[in-house]
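Scroll down for the structure; my scribbles are underneath it.
Each value in this text was obtained by applying a stated rule to the coordinates, not by laboratory testing. Keep in mind the model is a prediction, meaning the values are calculated, not measured. In this analysis, Cβ positions are derived from the backbone assuming ideal geometry, glycine residues included, and neighbour counts consider all displayed protein chains.
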Amino acid sequence: MNLRNRISCIVYSFIALGLFSCDNEETMNYPKKYLASYIKDQGLYAYDKNGQIHDKSKIDSLVKYNVYNTLEIGEVPNFKVVFLSKDTVEITGSIFHIKNDTLKEKRRVIEKGGLLYLESSDTTETLIFAESVNGISVEKHKPLYYVEYPSPWETGYDKHAFKKECFYVYKKGKTITLPMINFILSTNGRTFSRRNNEINQKCIDDLENQNFLLVQKYDLVLVPEP
């Protein structure tokens, strides 16, 4: 074997060893366990056709008038996410403070646009409620699998949908964060409560005269569990 062939063999050996090490390292990184630990960036926000309302007296007035529709955020829920691999998680508990919640299921992990979608393997059918303001959805994120169909007239709803439910998660440093909406109040008195999602900016941008949105939101932060 000449010198050139020897050098080539050495290089290929190092490449093979490097790939093997990476595979081992990737395997050793799982499972990764995260436990709901604290709530941060809790805030109450009001919007009208001019954008965010900063006048505290106006915000207080909206809260006072709609106090019967508001909800307490409550304590940190018993919620745990375990990444079994890059593509699979196991979820236990509830994202809300619900006692005796026994949810435990495996979900697929899909990353899109900087957001992790923890997608259920089950397809569910649901009637579509009027969760919109001026015909625009209040929610920023939708499940990746979401198909709408016309509903039979006797249901009283225009549409229903087949979907695979998702949790929406941001990876931030060593923690993972679920953006949460505690409640949204709209001008017509409708309340959209407790969900893992973010407010749809287009819904805010299209507010008309005398219309408002009152939104309480926060982040549920999960930290690594030893």
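Quick look at the numbers
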item: Extension reserve of the GLU208-LYS56 stretch, reckoned as 0.36 nm per residue once the Cα distance is removed; result: 52.6 nm
item: 12 Å beta-carbon shell around PRO152, net charge (K/R +1, D/E -1); result: -1
item: Under 16 Å from the Cα of LYS106 - aspartates and glutamates, other chains or at least 8 residues apart; result: ASP87, GLU90, GLU119, ASP122, GLU165
item: Highest to lowest packing among 56-64, 159-167, scored as the average C-beta count within 10 Å; result: 159-167, 56-64
item: Which listed pairs, of LYS33/LYS172; LYS86/LYS112; LYS33/LYS174; LYS40/LYS172, have C-alpha distances above 18 Å, in listed order; result: none
item: Ascending count of other beta-carbon atoms within 10 Å, so fewest first, for ASP158, ASP48, ASP55; result: ASP55, ASP158, ASP48
